[in-house]
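Quick note: the coordinates plus some simple rules give every number you see, no bench work behind them. Being a predicted model, the structure only gives us computed values, none of them experimental. Positions of Cβ are backbone-derived with ideal geometry, glycine not excepted, and every protein chain shown enters the neighbour counts.
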Amino acid sequence: MTESRNLSKFAVPAEELERQKEYAALVETVLQSRYPGEKPLAFVHTYGCQGNVADGEKIKGILASVGFGLTDDLAAADLVLYNTCAIREHAQDRVFGNVGKLKPIKAQKRDLIIALCGCMMQQEYVAEKIKKSYPFVDLVFGTHVIHKLPEFLYRVLCGGKRVFDLSGGDGNIVEGLPVRRDGTFKAFVPIMYGCDNFCSYCVVPYVRGRERSRDFDTVVDEVRHLAAQGYKDITLLGQNVNSYHKNEPAHLRFPALLRAVNDIPGDFLIRFMTSHPRDCSKELLDAMADCDKVAKHLHLPVQSGNDRVLREMNRHYDRARYLSLIDYAYQKMPGLSITSDIIVGFPGETDAEFEDTLSLVKQVKYTSLFTFIFSPRPGTKAALMDDPTPKEEKSRRFQALTALQETIAAERTAAMNGKTYRVLVEEPAKTDGWLSGRTEGNIIIEFPGDDGLIGTFQQVRVTEPRTWVLKGEPADPASFCM
Ligand code: 5AD
Ligand code: SF4
């Protein structure tokens, strides 16, 4: 791979990265003297979205670079790090619960380092709560200072004091950090960070900072490198990939980036997440349709089917604009698989407004949906809105929506019966001797086959179209003998 560039005004200065390399060397020495002849182990757990997973891969890369081995066994760990998510209250409650469980472990193992980072920590009230009520936590850092992990570790190891760093609120871009990828054939490549949309319910712009895009050629080089290493499923990531380089000329914007990565030689799939309907342009859908490596799957979160609710959510599109995008997308890509995120029970949503969401879902015929009950996030506009709808009514709406989607998904999968699809084989299925593969449209098909096929593309004929996980058989059984 060519040296990664960082031409952005958000670039962290090279001297700072050099300083961190010096800290990394110091930490390595301290760890060697503290654990002579053995490798200390780090247990890293990431909550939440793929963006957080990508951060987690950098954190693991840094930990490995200073001499930690990685473990999945919490009991064996010398360092426990939770990379947290703040998107809904439930996500935060889980983290508080799991951090609480570390207290007795730390009491037994005084040298254990406990570290918390990620979106949840970027909120001041959370960091304060950790400071006051969780004194056994050694290190808390926010989303903008991951590259300073070597320095934090040094201060914890040698300073004997707790370290809290939530600085860098507007965000930055750091290139060249070591990455320990979780997968060997699926990879995630962040192309931009942060979000400027300020949807009224969402905490992301507050915890991830302003929108900023990575250098075009650096992204293309990274994808080229991954393809050359044999990665088969590469996802370009951002809170809102459609606004990648939104203030730059067209040849640097997202549709151009898709075309550029599509031109990289090799047999691999390109995916992207997430698209905002506000900036989902015909140019993007044209690029998707033209690019053979780009999976024909569009995740286009609608959030609600009602115009008043969309306005209150600050989404900057209406139902008609969303549906016209969907029409255009289906027209250009007839087999397209569309998925979405929907929030039910937004403050003040009436039953009639919710019915608009149901009717939109019927019209679009999504492959699948991520559905959420509104969760008030401190600091957001929607958290201050009147919310008279009882919890039970919100649950009823949630169930009505999931039931409707289930019928739609069943109809869609029934139409797949007898047809053959190319899947990327991902893992063994629960049934012995069966594998689980994913179509480009993001549908799981299980079929009999040998573990040696994991990480390869195979043609599978659907024989049993169930609602979520379909059953199939090798379309060309000869090719399944390893
Ligand atoms: N409450 C419920 N769901 C939310 N999401 C974001 N913020 C909230 C919230 N406060 C959902 C949106 C978004 C997805 C990632 O999470 O649907 O698209
Ligand atoms: Fe949150 Fe809206 Fe930004 Fe998505 S686009 S991260 S929902 S503010």
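Wrap a convex hull around the Cα atoms of segment 1-89, take a quarter of its surface area, and give that in square nanometres. Walk me through the intermediate numbers first.
Values: hull surface 33.5 nm².
So the Cα hull casts an average projection of 8.4 nm².
For the residue pairs LYS9/LYS58; LYS365/LYS430; LYS362/LYS419; LYS60/LYS131, the C-alpha atoms sit more than 27 angstrom apart in LYS365/LYS430.
Please state the shape class of segment 420-479: rounded when a/c is under 1.5, otherwise prolate if a/b exceeds b/c and oblate if not, all from the C-alpha gyration tensor. Here segment 420-479 falls in the rounded category. Each of GLU38 and PHE198 was given a label point 7 Å from its Cα along the Cα-to-Cβ line. The distance between the two points is 5.3 nm. At an R0 of 22 angstrom, the distance between the Cβ atoms of ARG180 and ALA228 translates into a FRET efficiency of 0.75.
Dipole orientation for segment 3-165: of the candidates GLY160, ILE146, ILE62, GLY160 has the Cα lying most toward the positive pole (charges on Cβ; Lys, Arg +1; Asp, Glu -1). In a reduced charge model with +1 at each Lys and Arg Cβ and -1 at each Asp and Glu Cβ, the chain shows a dipole moment near 780 debye about its Cα centre.
Only alpha carbons enter this Debye calculation for segment 136-201, each as an equal point scatterer, and the log10 of I(q)/I(0) it gives at q = 0.12, 0.15, 0.16 Å⁻¹ is -0.47, -0.70, -0.77.
With a ≥ b ≥ c taken as the square roots of the eigenvalues of the C-alpha gyration tensor of segment 182-327, please select rounded if a/c is under 1.5 and otherwise prolate if a/b is larger than b/c or oblate if it is not? Let's see the in-between values first.
On the way: a/c = 1.98, a/b = 1.61, b/c = 1.23.
Prolate shape, in that a/c is at least 1.5 and a/b is the bigger ratio.
Where in segment 1-101 are there trypsin sites (Lys or Arg not before Pro) that are in a DSSP coil and have at most 14 other Cβ atoms within 10 angstrom of their Cβ? Please report the intermediate quantities before stating the final value.
Values: sites: ARG5, LYS9, ARG19, LYS21, ARG34, LYS58, LYS60, ARG88, ARG94, LYS101; in loops: ARG5, LYS9, ARG88, LYS101.
Hits after loop and neighbour filter: LYS9, LYS101.
Of interest is the spacing of the C-alpha centroids, which for segment 364-390 and segment 102-127 amounts to 29 Å. Given C-alpha coordinates of segment 296-414, what is the ratio Rg to Rh with the Kirkwood estimate of Rh? Radius of gyration relative to Kirkwood radius: 0.98. Applying the Karplus relation 6.51 cos²θ - 1.76 cosθ + 1.60 with θ = phi - 60° to segment 223-235 yields 3J(HN,Hα) values of 5, 4, 5, 5, 4, 5, 7, x, 5, 10, 9, 10, 9 Hz, where x marks Gly and Pro. Based on DSSP H segments of at least four residues, each scored -39500 (n - 2.57), the chain has a per-residue ellipticity at 222 nm of -11000 deg cm²/dmol.
Between ASP387 and HIS45, the FRET efficiency estimated from the beta carbon spacing at R0 = 35 angstrom works out to 0.65.
Based on the alpha-carbon gyration tensor of segment 3-165 and its eigenvalue square roots a ≥ b ≥ c, which shape applies: rounded if a/c is under 1.5, prolate if not and a/b is larger than b/c, or oblate? In terms of gyration-tensor shape, oblate. Per the Debye formula on identical point scatterers at the alpha carbon atoms of the chain, with no solvent, log10 I(q)/I(0) at q = 0.06, 0.08, 0.09, 0.10 Å⁻¹ is -0.29, -0.53, -0.68, -0.85. Ellipsoid semi-axes for segment 187-273, based on the Cα gyration tensor and the rule √(5λ), read 25, 14, 10 Å when sorted largest first. Ordering MET385, MET416 from the fewest to the most neighbouring beta carbons within 10 Å gives MET385, MET416. Measuring r between the beta carbons of ASP432 and SER359 and using R0 = 51 Å, the FRET efficiency lands at 0.70. In terms of other Cβ atoms within 10 Å, THR439, THR71 run from fewest to most in the order THR71, THR439. Taking the Cα atoms only, what angle lies between the long axis of helix 50-65 and the longest principal axis of the chain, rounded to 10 degrees? On a 0 to 90 degree scale, this one is about 30.
What ranking do TRP434, TRP468 get, fewest neighbouring Cβ atoms within 10 angstrom at the top? Intermediate results must be reported in sequence, preceding the final value.
Details: TRP434 14, TRP468 11.
The order, fewest Cβ neighbours first, is TRP468, TRP434.
Within the chain, the longest run free of exposed loop sites, counting GluC sites (Glu not before Pro) that sit outside DSSP helix and strand states (H, G, I, E, B) and have at most 12 other Cβ atoms within 10 Å, spans 39-482.
Against the chain, whose longest principal axis comes from its Cα atoms, helix 351-364 is set at around 70 degrees.
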